[in-house]
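First up is the structure itself, then whatever we jot down about it.
The values are calculated or read from the model by the stated rules, or taken from the named source; none is laboratory data. The structure presented is a predicted model; accordingly, all values stated were derived computationally and were not measured. Glycine gets a Cβ as well: all are built from the backbone with ideal geometry, and neighbour counts include every protein chain shown.
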Amino acid sequence: MQKKTTKKARTTKATKQPKAKAAKPTKPMSGLDAAAKVLGEAKEPMSAKQIVETALAKGLWKTSGATPWATIYSAMIREIAVKGKEARFKKVARGRFTAA
């Protein structure tokens, strides 16, 4: 007794369609970038605490730190010291900043 062999019809593999790339999630704004945006929109000098409260209220920045205004104050002072006239911030009074 012989085995009957049947030929299987070759099926063509479906060509792989390139997957649509998922949109990259936007990178969250840094604290300094949020401060620069808030100060750019402000009409008068603001304290670091006011800047942080405004940025958090507008959803520009998220933080879980205990004292985010101290962090932003320190970062703005550092940028002014390092970049000088090229800094995005200008200290106009004790604890008050404007956009440069």
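A few notes on this one:
- Residue in the stretch 23-35 that is under 16 Å from the mean Cα position of the chain (by Cα), part of a loop (DSSP other than H, G, I, E, B) and basic (Lys, Arg) present: yes
- Cβ separations smaller than 7 Å between residues 6+ apart or across chains give the following pairs from the stretch 48-76 residues that are of a type in the set (Phe, Trp, Tyr) to residues that are modelled with pLDDT under 95 and part of a loop (DSSP other than H, G, I, E, B): TRP61/MET29.
- Some residue of the stretch 85-95 being in a helix (DSSP H, G or I), at pLDDT below 95, loosely packed, with under 14 Cβ neighbours inside 10 Å and not acidic (Asp, Glu): yes
- Taken over the stretch 41-68, residues that are touching a helix residue (DSSP H, G or I) at 6+ places or on another chain (Cβ under 9 Å), surrounded by fewer than 16 Cβ atoms within 10 Å (Cβ to Cβ) and within 18 Å of MET29 (Cβ to Cβ) amount to 8.
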